[in-house]
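Peer 1: Please find one structure pasted underneath; my questions will follow.
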Amino acid sequence: MNTDKLLLAMPLHAVTEIYGEAGLRRRLTLELNRMLVPRPDSVEDAALWAAQLHEGQRRTREPYLNHPLRVTLRILGHYRVGDPDVLIAALLHDTVEDQPWAVVGHPRHGPPPYARALDVLRDRYGPRVARLVSAVTHVDLPYVDHLARALAAEPWARVIKLSDFTDNGVGIIHAVGPKVPRLAAKYAGAVPVLRELLHRADTPLEPAVKAHIDAQLDLAEQRLAAILAA
């Protein structure tokens, strides 16, 4: 089996462990070609920009960029969604929340320029991408309240958040350190809200995909409960 076929067949966290960011980036190119995604160059541009914006930022065990790459690849490969605006927003879903100064090109000082960062996204990729990123940007409300309110009127933003939550909630077993119990408590309360949003009639996913995500939410619930019980 050649490397490209292997990359397409492997679970996303296995690609991460063995091939790292380069493997995830190659998987993105392969999935874009396999799904015949319109405007693939724009999606690739967003991936490159996300790498620049998240440069030097890390999760507990890896460069931060791996996370938005997996979120996007899950939408492509598992959810079977090839909408370029959704994919671009998935790649950039944490940039306004985490790196607004980098988005606007200013040194990191003063209040986070969230509104200006969204304007930059709007100018670069259009109003729909900016609206989707805004809906998944959590800056003020408690996490669960934000999910319930911000995603109610944005069905495609739900798709991004469901993939994001899968990477965080199911993937929490790949995290290490003292923040893990705190994250488990945060994510556990989100499962019922996300499950209700998933099963709304206007959530734009096929029934088989919704069933797959439902099973992933079950798995997240089990793993989060185990962490909290320990």
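The values are calculated or read from the model by the stated rules, or taken from the named source; none is laboratory data. These figures come from a predicted structure and were not determined experimentally. Using ideal geometry, Cβ is built from the backbone for each residue, glycine included, and neighbour counts are taken over all protein chains shown.
Peer 1: Just a yes or no: is a residue in the stretch 114-136 surrounded by 17 or more Cβ atoms within 10 Å (Cβ to Cβ), touching a residue at least 40 places away in the same chain (Cβ under 8 Å) and of a type in the set (S, T, N, Q)?
Peer 2: No, there is no match, as no residue in the stretch 114-136 is surrounded by 17 or more Cβ atoms within 10 Å (Cβ to Cβ), touching a residue at least 40 places away in the same chain (Cβ under 8 Å) and of a type in the set (S, T, N, Q).
Peer 1: Next question. Answer yes or no as to whether Lys161 is touching a residue at least 12 places away in the same chain (Cβ under 8 Å), charged (D, E, K, R) and out of contact with any helix residue (DSSP H, G or I) (no Cβ under 8 Å at 6 or more places or on another chain). Working first, answer last.
Peer 2: Values: touching a residue at least 12 places away in the same chain (Cβ under 8 Å): yes; charged (D, E, K, R): yes; out of contact with any helix residue (DSSP H, G or I) (no Cβ under 8 Å at 6 or more places or on another chain): no.
When the stated conditions are applied, Lys161 does not pass them.
Peer 1: Across the stretch 104-121, what is the total count of residues that are over 20 Å from Lys161 (Cβ atoms) and assigned to a helix (DSSP H, G or I)? Quick ask: steps written out before the conclusion?
Peer 2: Pass one, the stretch 104-121, residues over 20 Å from Lys161 (Cβ atoms): 104-113, 115-116, 119-120.
Filter once more, so that each one left must be assigned to a helix (DSSP H, G or I): 104, 115-116, 119-120.
Final tally of qualifying residues: 5.
Peer 1: Please give the number of the condition Arg26 fails out of (1) at pLDDT below 95; (2) basic (Lys, Arg); (3) over 24 Å from Ala157 (Cα atoms).
Peer 2: (1)
Peer 1: OK, next. Applying the selection to the stretch 176-218, what residues are aliphatic (A, V, I, L, M), part of a loop (DSSP other than H, G, I, E, B), out of contact with any Leu (no Cβ under 7 Å at 6 or more places or on another chain) and touching a residue at least 12 places away in the same chain (Cβ under 8 Å)?
Peer 2: The first filter runs over the stretch 176-218 and keeps only residues aliphatic (A, V, I, L, M), leaving 176, 180, 183-185, 188, 190-191, 193-194, 197-198, 201, 205, 208-209, 211, 213, 215, 217.
Among the residues that remain, those that are also part of a loop (DSSP other than H, G, I, E, B) are: 176, 190, 201, 205.
Next, from what is left, pick out any that are out of contact with any Leu (no Cβ under 7 Å at 6 or more places or on another chain): 176, 201, 205.
Residues satisfying the conditions are Val176, Leu205.
Peer 1: Go through the stretch 137-158 and report how many residues are within 20 Å of Ile75 (Cα to Cα) and surrounded by 15 or more Cβ atoms within 10 Å (Cβ to Cβ). Spell out the reasoning first.
Peer 2: From the stretch 137-158, those within 20 Å of Ile75 (Cα to Cα) are 137, 147, 150-158; that's our starting set.
Now restrict to residues that are surrounded by 15 or more Cβ atoms within 10 Å (Cβ to Cβ): 137, 147, 150-151, 154-158.
Total satisfying the criteria: 9.
Peer 1: Determine, yes or no, whether Val170 is within 29 Å of Asp41 (Cβ to Cβ) and either part of a loop (DSSP other than H, G, I, E, B) or touching a residue at least 40 places away in the same chain (Cβ under 8 Å) (or both).
Peer 2: On the way: within 29 Å of Asp41 (Cβ to Cβ): no; either part of a loop (DSSP other than H, G, I, E, B) or touching a residue at least 40 places away in the same chain (Cβ under 8 Å) (or both): yes.
So Val170 does not fit the description; no.
Peer 1: I would also like to ask the following. Which of the residues spanning the stretch 190-203 are in contact with a helix residue (DSSP H, G or I) (Cβ under 8 Å, 6 or more places away or on another chain) and either of a type in the set (Lys, Arg) or loosely packed, with under 15 Cβ neighbours inside 10 Å (or both)? Break it down stepwise before answering.
Peer 2: Here is the first cut: in the stretch 190-203, the ones in contact with a helix residue (DSSP H, G or I) (Cβ under 8 Å, 6 or more places away or on another chain) are 190-191, 193-195, 197-200, 202-203.
Hits for the stretch 190-203 are Arg195, His199, Arg200, Asp202.
Peer 1: Where residues in the stretch 32-44 are more than 16 Å from the chain's Cα centre (by Cα) and in a helix (DSSP H, G or I), which of them is nearest to Val103 (Cα to Cα)? Spell out the reasoning first.
Peer 2: Pass one, the stretch 32-44, residues more than 16 Å from the chain's Cα centre (by Cα): 32-42.
Applying the additional criterion that residues be in a helix (DSSP H, G or I) yields 32-34, 40-42.
Numbers: Leu32: 25, Asn33: 28, Arg34: 30, Pro40: 22, Asp41: 20, Ser42: 17 Å.
So the residue we want is Ser42.
Peer 1: If you don't mind, there's one more thing I want to ask. Could you check Gln99 against (1) over 12 Å from the mean Cα position of the chain (by Cα); (2) touching a residue at least 24 places away in the same chain (Cβ under 8 Å); (3) more than 23 Å from Ala22 (Cα to Cα) and say which number it fails?
Peer 2: Condition not satisfied by Gln99: (3).
Peer 1: Okay, moving on. Assess whether Ala47 counts as being more than 28 Å from Ala130 (Cβ to Cβ) and part of a helix (DSSP H, G or I). Break it down stepwise before answering.
Peer 2: Details: more than 28 Å from Ala130 (Cβ to Cβ): no; part of a helix (DSSP H, G or I): yes.
No: the conditions fail for Ala47.
Peer 1: Moving on. Being closer than 14 Å to Gly171 by Cα and among the acidic types (Asp, Glu) is the filter; apply it to the stretch 204-230 and report the residue that is surrounded by the fewest Cβ atoms within 10 Å (Cβ to Cβ).
Peer 2: For the stretch 204-230, the residue satisfying everything is Asp218.
Peer 1: Say whether the condition of being touching a Gly at 6+ places or on another chain (Cβ under 6 Å) and either of a type in the set (Asp, Glu) or surrounded by 21 or more Cβ atoms within 10 Å (Cβ to Cβ) (or both) is met by at least one residue in the stretch 61-68. Can you show your working first?
Peer 2: If we filter the stretch 61-68 for residues that are touching a Gly at 6+ places or on another chain (Cβ under 6 Å), which is where we start, we get none.
Checked the stretch 61-68: no residue is touching a Gly at 6+ places or on another chain (Cβ under 6 Å) and either of a type in the set (Asp, Glu) or surrounded by 21 or more Cβ atoms within 10 Å (Cβ to Cβ) (or both).
Peer 1: I'm checking my understanding of the structure. Among residues of the stretch 50-82 that are in a helix (DSSP H, G or I) and over 13 Å from the mean Cα position of the chain (by Cα), which one is farthest from Ile160 (Cα to Cα)? Give the derivation first.
Peer 2: Residues of the stretch 50-82 that are in a helix (DSSP H, G or I), as a first pass: 50-53, 66-77.
Then drop every residue that is not over 13 Å from the mean Cα position of the chain (by Cα), which leaves 51-53, 77.
Numbers: Ala51: 18, Gln52: 21, Leu53: 19, Gly77: 13 Å.
Selected residue: Gln52.
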